[in-house]
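Readers should treat all values here as calculations from the given coordinates under stated rules, not as data from a laboratory. As the structure is a computational prediction, the values presented were derived from the model and not from experiment. Neighbour counts are summed over all protein chains in view; Cβ atoms, including those assigned to glycine, are modelled from backbone coordinates with ideal geometry.
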Amino acid sequence: MEANTEPYSQFAHMLQQSEKIVFFGGAGVSTESGLKDYRSPDGIYRTAQNYGMPPEEILSRGCFDTDPALFYRFFRDYFTGQAQPCRAHKALALLEQHGKQVTVVTQNIDGLHQKAGSSYVLELHGSSNEFFCRSCRKRFGTECLAQPGVPRCSCGGIIKPKVTLYGEMLDEQVIDRAISAIAGADILIIGGTSLAVQPAASFVRYYSGSRLVIINKEATGYDANANLVFHESIGDVFDKAFEQLNRAGT
Ligand SMILES: [Zn+2]
């Protein structure tokens, strides 16, 4: 029996017809790169066992202020691996290379979209590759993690990752840019998120076009609103869509 390629052709056609592409991605994009998902029930359980508290407590402003050593132990374990961009990251970079105006809005902090070659990435929760001194505001890269324990600036101040922790506000400017990109998008592709948390869920409402594509392993509360829904790996969906584009000779 031949597999039904129709939805992938439709997705390919939508991509072809769109100039302004917005991809809104969640944790599912990073897990395809082999990053550990500390948000999964198993991950939360393991974290609580190994560190004495669940991840959302460790990744909180309160924990950073009271026990930065524990914070950095977790941070190093989860965010400093040698993860590489996966097929979804590469597919978006490829669309940009082909002249599309691609905006990536991501809930992830791993910097893998930039590593893959995407140039316009809005990181809602900041980046695990950028740091700053809380006293003098000097900026640092991941090299500061070579220091044992809690990294410190030469001024003596504690260095903090440029990541939005639980208990901290998201960057309003980044949110505004994300909303305006979504509102002006020809196609909105949502990948690897169940859209269960704010502000992610509310972002979808700013899209008024007719090319809303949702790619997530599990069903989302917005599937009924989408023009195309795939319950499978994001990498697979992009691969199959690109196959259709190549077959069409474009
Ligand atoms: Zn300093």
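Listed values, structure above:
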item: Set Glu96, Glu123, Glu130: member being of a type in the set (D, E, K, R), under 12 Å from the mean Cα position of the chain (by Cα) and under 28 Å from Val197 (Cβ atoms); result: Glu123
item: Single condition Ala69 does not satisfy, out of (1) touching a His at 6+ places or on another chain (Cβ under 6 Å); (2) loosely packed, with under 14 Cβ neighbours inside 10 Å; result: (1)
item: Options Ala181, Ala200, Ala219, Ala226; residue that is touching a Leu at 6+ places or on another chain (Cβ under 9 Å) and over 17 Å from Val105 (Cα atoms); result: Ala226
item: Test for Tyr45: is it in contact with a Leu (Cβ under 7 Å, 6 or more places away or on another chain), farther than 30 Å from Tyr120 by Cβ and surrounded by fewer than 20 Cβ atoms within 10 Å (Cβ to Cβ); result: no
item: Within the stretch 75-91, tally of residues that are surrounded by fewer than 16 Cβ atoms within 10 Å (Cβ to Cβ) and either part of a loop (DSSP other than H, G, I, E, B) or hydrophobic (A, V, I, L, M, F, W, C) (or both); result: 4
item: Filter result (closer than 22 Å to Arg134 by Cα and out of contact with any strand residue (DSSP E or B) (no Cβ under 8 Å at 6 or more places or on another chain)) within the stretch 43-61; result: Ile58
item: Residue satisfying all of: in the stretch 122-144; assigned to a loop (DSSP other than H, G, I, E, B) and away from the ligand (no atom under 16 Å from the Cβ); nearest to Ile21 (Cα to Cα) among these; result: Leu124
item: Pair list, Cβ under 7 Å, 6 or more apart: the stretch 205-220 residue within 14 Å of Ala181 (Cβ to Cβ), other residue surrounded by 13 or more Cβ atoms within 10 Å (Cβ to Cβ) and hydroxyl-bearing (Ser, Thr, Tyr); result: none
item: Selection count where residues are touching a Ser or Thr at 6+ places or on another chain (Cβ under 6 Å) and part of a loop (DSSP other than H, G, I, E, B), scope the stretch 228-250; result: 0
item: Qualifying residues in the stretch 145-193 (those that are touching a residue at least 40 places away in the same chain (Cβ under 8 Å), part of a strand (DSSP E or B) and within 16 Å of the ligand (Cβ to nearest atom)) - the one surrounded by the most Cβ atoms within 10 Å (Cβ to Cβ); result: Pro161
item: Among the residues listed as Gln107, Gln114, the single one being under 16 Å from Tyr78 (Cβ atoms), more than 15 Å from the ligand (Cβ to nearest atom) and either surrounded by 15 or more Cβ atoms within 10 Å (Cβ to Cβ) or aromatic (Phe, Trp, Tyr) (or both); result: Gln107
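Per-residue answers, yes or no, for (1) farther than 26 Å from Lys217 by Cα; (2) assigned to a loop (DSSP other than H, G, I, E, B); (3) without any contact (Cβ under 8 Å) to a residue 60 or more places away in the chain:
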| residue | (1), (2), (3) |
| --- | --- |
| Gln16 | no, no, no |
| Asp37 | no, yes, yes |
| Ala48 | no, no, yes |
| Arg73 | yes, no, yes |
| Ala93 | no, no, yes |
| Val104 | no, no, no |
